[in-house]
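Everything on this sheet refers to the single structure shown next.
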Amino acid sequence: MDSILRVDGGKPLNGEIFVRGAKNFVPKAMVASLLGSTPSKLRNVPQIRDVDVVSELLSLHGVHINFDQGAGVLDLNPKNVEIAHVADIDALAGSSRIPILFCGPLLHRLGEAFIPDLGGCNIGGRPIDFHLDTLRSFGANVIKEDNGIRITADKGLRGTQVHLPFPSVGATEQTLLTAVMADGLTELTGAAIEPEIMDLINVLQKMGAIMSVDTDRTIRIEGVKELTGFTHTALPDRIEAASWASAALATHGDIYVRGAHQPDMTTFLNTFRKVGGAFAIDDEGIRFWHPGGELKPIVLETNVHPGFMTDWQQPLVVALTQASGLSILHETVYENRLGFTRALREMGANIQVYRECLGGLRCRFGQRNFNHSAVISGPTPLHGANITVPDLRGGFSYLIAALAAEGESIVHGIDVISRGYEHFLNKLARLDAQVERG
C-alpha cells in the first residue's frame with residue numbers, strides 16, 4: 001500500500017528536534033554482537049526500520065533481543081546462536097543490505113552462513129563480489145544457490161591481506177568483522193575511515209579485538225580466539241543532523257538539532273557557512289538557521305571521509321536551488337545519485353545534469369556514461385507537485401523541497417524515509433510543519 005504525505009509548503013521550519021545514534025553505525029554494531037561470548041548493550045539506538053530488520057535477522061539466528069525504545073537501549077544476548085531457516089531469512093531479503101555483514105561473525109560462531117538476495121537503495125552499484133572475494137581470501141567457501149549464497153568455513157578462517165581500490169565502507173566493515181577472530185594477522189589497505197567505521201573499531205576493541213589504524217588508510221588486525229560483549233553509546237547520526245540543517249536553510253527556518261556533534265560534521269559545517277547558512281554550537285547540539293539575505297552558489301564535490309559526504313549532498317542541493325547564481329556539483333561516490341533531481345526540476349528548479357566530471361577530483365565515473373555532475377541555477381521558486389520517493393536520502397530531500405515549495409505537494413512512498421530517520425513525522429510536527437498523512 002502506498003504511503004502518502006500531503007505537505008502544505010512555503011513556511012519556515014522552527015523549533016527543536018533530537019537525533020540519536022547513526023543509521024550507518026548502529027546496525028553494524030548489532031551484527032558485531034554476534035561475535036561476543038557474553039551479552040552486549042548498545043545505547044542511543046534510534047527507532048528506525050534498519051534497526052528493526054537487523055533485530056529480526058539476529059532473532060532468527062537465536063540472539064535474544066530486548067529494546068527499550070524510550071531509553072534507546074538495546075540488549076543483545078548471542079548465547080544461543082544458531083543457523084536460521086532459509087525461508088525466514090529470505091522474507092527479509094528485500095529490506096536491507098546488512099545481511100552480507102553477517103557472514104564473518106556467523107562463520108566464526110557456526111562455520112556457516114546464508115545470505116539472501118540483497119535489497120537497499122537504488123543509487124548505484126554496490127556489488128557484493130568484493131565481499132565474497134574477501135571472504136574467500138580468509139579461507140571461506142562460497143556456494144551460489146538459487147535464492148542466495150551459502151558460505152562455509154570448515155577449516156576456520158585465517159588472516160590475509162586485503163586491498164580496497166576504493167575506500168568502500170561496506171567492504172571495510174566486512175573485513176573488520178571477519179578479521180577480528182581469524183587466525184593470524186590481517187592487513188587492510190585503502191580502508192574507509194568514516195566516523196562510523198572508527199566507532200565500530202571502538203566497539204570491537206571493547207570486545208577484545210587488537211587493531212591499529214594508520215594515517216595512510218591501513219588497518220592491521222591481530223586475530224584473537226575469543227571476544228566478549230560490549231557496552232557502548234552510539235555516535236550521533238551526522239547525516240540526519242545535516243538533513244535537518246538543510247531543511248532549515250531551504251525553508252528560511254531555524255532548527256536546533258539536539259545531539260548533533262561538531263567533530264563529525266566539520267566539512268558539512270564549512271560548506272553550510274559558505275552557502276550562507278548560520279549555525280551555533282553548544283555542548284548539547286547545533287542550532288542551524290537561515291540568517292536572511294541571499295544564499296551563495298558553491299562548487300561542491302562529494303568524497304569519502306574526510307571529504308563532503310555523499311549523503312549530505314542531496315538535502316543541500318534543495319537549498320542550492322535558492323542560491324543566487326550557478327552552483328556546480330560533482331558526485332564521485334555513487335554514480336546514480338543525481339536521479340532525484342528530476343523531481344526537483346518538475347517543482348521549478350533549474351538543474352542540468354552531465355556525464356562529464358565537473359570538478360577536480362579523480363572520479364571513477366567520468367568515462368562510464370553516468371550523469372554524475374550537475375549545474376544548479378538559482379534562485380528558482382519551487383511549487384508544489386506530486387512526487388514519489390526514490391530512495392532514503394533522495395526521499396528526505398523531496399520532503400525538504402515540498403516543505404520549501406509554495407502550495408501543496410503529495411509525496412508518495414514516505415515509509416522509505418523511516419529506514420534512516422527516526423520519528424520524522426513527529427519531528428516535523430515539533431517544527432510546525434503543515435503535513436498530513438494520506
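The values are calculated or read from the model by the stated rules, or taken from the named source; none is laboratory data. This structure is a prediction, so every number in the text was calculated from the model and none was measured. Here the Cβ is made from the backbone with ideal geometry for all residues, glycine too, and neighbour counts use every protein chain on show. Side chains are part of the model used for accessible areas, which takes the heavy atoms of the whole protein and leaves out ligands, DNA and RNA. Shrake-Rupley method; radii C 1.70, N 1.55, O 1.52, S 1.80 Å.
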Is there a residue being among the charged types (D, E, K, R) and modelled with pLDDT of 90 or more anywhere in region 123-132? no
Looking at the structure I just gave you, is Phe396 of a type outside the set (S, T, N, Q) and assigned to a loop (DSSP other than H, G, I, E, B)? no
Residues in region 180-202 that are under 25 Å from Pro39 (Cα atoms), of a type in the set (A, V, I, L, M, F, W, C) and under 18 Å from the mean Cα position of the chain (by Cα) total 4
Of Gly307, Gly293, the only residue that is among the small types (Gly, Ala, Ser), under 24 Å from the mean Cα position of the chain (by Cα) and exposed (fewer than 15 other Cβ atoms within 10 Å of the Cβ) is Gly307
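Glu145 - would you say it is acidic (Asp, Glu) and open to solvent by less than 10 Å² (accessible area, probe 1.4 Å)?
Spelling it out, it is not the case that Glu145 is acidic (Asp, Glu) and open to solvent by less than 10 Å² (accessible area, probe 1.4 Å).
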Scanning region 166-185 residue by residue, those touching a residue at least 40 places away in the same chain (Cβ under 8 Å), small (Gly, Ala, Ser) and part of a loop (DSSP other than H, G, I, E, B) turn out to be Ala182
Given (1) over 27 Å from Arg419 (Cα atoms); (2) free of Cβ contacts under 8 Å to residues at least 60 places away in the same chain; (3) touching an Asp or Glu at 6+ places or on another chain (Cβ under 7 Å), Arg362 misses just (3)
Checked pairs for region 246-259, first free of Cβ contacts under 8 Å to residues at least 12 places away in the same chain, second surrounded by fewer than 24 Cβ atoms within 10 Å (Cβ to Cβ), C-beta under 9 Å and 6 or more apart or across chains, list as none
Counted residues in region 247-287 being within 16 Å of Gln313 (Cα to Cα) and either open to solvent by 40 Å² or more (accessible area, probe 1.4 Å) or acidic (Asp, Glu) (or both) come to 6
message: Against the definition (out of contact with any helix residue (DSSP H, G or I) (no Cβ under 8 Å at 6 or more places or on another chain) and open to solvent by 40 Å² or more (accessible area, probe 1.4 Å)), how does Gly360 come out, yes or no?
response: yes
Listed by range, strands (runs of 3 or more DSSP E) wholly within region 1-75 having at least 1 residues that are open to solvent by less than 10 Å² (accessible area, probe 1.4 Å) and closer than 18 Å to Phe396 by Cα are 4-9, 14-18
Subset of region 365-377, residues crowded, with 21+ Cβ neighbours inside 10 Å, free of Cβ contacts under 8 Å to residues at least 60 places away in the same chain and of a type in the set (A, V, I, L, M), comes to Ala374
Among strands (runs of 3 or more DSSP E) entirely inside region 242-343, those with 2 or more residues being modelled with pLDDT of 95 or more and under 20 Å from Tyr354 (Cα atoms) are 299-301, 325-330
Counting only residues that are aliphatic (A, V, I, L, M) and in a strand (DSSP E or B), region 399-434 contains a total of 2
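Give me a count of the residues in region 344-363 that are at pLDDT below 90 and either assigned to a strand (DSSP E or B) or among the β-branched types (Val, Ile, Thr) (or both).
To start, the set of residues in region 344-363 that are at pLDDT below 90 comprises 359-363.
From what's left, either assigned to a strand (DSSP E or B) or among the β-branched types (Val, Ile, Thr) (or both): none.
Residues meeting the conditions: 0.
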